[in-house]
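Below is one structure, written out as structure tokens, with a few remarks after it.
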Amino acid sequence: MNVRSIATYTIALIVSFFHSGAWAEDAKAEAAALATAMTNVPITLEQGLKASEAQGKPISAKFEIEDGGLQLSVYTAKDKHFFEVIVDHTNGKIKKTEEIVESEDLEHANPQGIAMSKAKTSLAAAVASVQKANPGSRIVSIYPELKGGSPTAQVTLLQGNSSKTIGTKLD
């Protein structure tokens, strides 16, 4: 390796190190903000998933801070279309349903829909199982994916102001 290559590699490592540190700090701040917003929220992610079933098969779900407020968003699939279902986090009723047409959102929905088409376990059942195994935590998101051709889901839990993500099988 020549000096120029070594210098370029070193700079790339330093940038990567600082970028990952900044990302970790952002993730901590987001988890803390979400934990604060979720204080006294009576609806669980499992309840949101079940409520959204009226609008199609749930393919992912998350509590998120959107436009300065807490929102429970569930993506569903129905008749070869994808929808975003907003569930009221105070009472569990559907607030609004919109078809997903933006390319960035479709880039997320398509692989989630494929993973869920192969899943034998519903997202609500997976959330219930993970919740049972992690008492004292609150599940705030679930995203399915294919790993080695098998459907799995990444589940994010909050405990206090900390978050962790674990994988669970859906087959």
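Computed from the coordinates by the stated procedures, all read-outs in this text should not be read as laboratory data. All of these numbers come straight from a predicted model, not from anything done at the bench. Virtual Cβ from ideal backbone geometry, glycine too; neighbours counted across all protein chains shown.
Taking the three principal axes of the alpha carbon atoms in segment 83-161, the coordinate ranges are 37, 36, 24 Å, sorted in descending order. For the cross-link pairs Lys57/Lys93; Lys62/Lys95; Lys50/Lys96; Lys28/Lys147; Lys95/Lys169, which exceed 24 Å when the distance is taken from alpha carbon to alpha carbon? Among Lys57/Lys93; Lys62/Lys95; Lys50/Lys96; Lys28/Lys147; Lys95/Lys169, the Cα-Cα distance tops 24 Å for Lys28/Lys147; Lys95/Lys169. Given +1 at the Cβ of Lys and Arg, -1 at the Cβ of Asp and Glu and no other charges, the dipole of segment 36-169 around its Cα centre is 780 debye to the nearest 20.
If contacts are Cα pairs under 8 angstrom and at least 6 residues apart, what is the relative contact order of segment 36-169 in percent?
Working: 262 pairs, mean separation 27.8, N = 134.
Computed value for segment 36-169: 21 percent relative contact order.
Please state, to two decimals, what the Cα-based radius of gyration of segment 35-91 comes to when divided by 2.2 N^0.38 Å (N = residues).
On the way: Rg = 11.4 Å, N = 57, 2.2 N^0.38 = 10.2 Å.
Taking the Cα Rg and dividing by 2.2 N^0.38 Å, one obtains 1.12.
Take each peptide in 108-117, 46-55, count the other Cβ atoms within 10 Å of every residue, and average; sorted highest first, the result is 46-55, 108-117. A crude spin-label estimate for the pair Asn161 and Ile114, with each label 7 Å from Cα along the Cβ direction, gives 4.0 nm.
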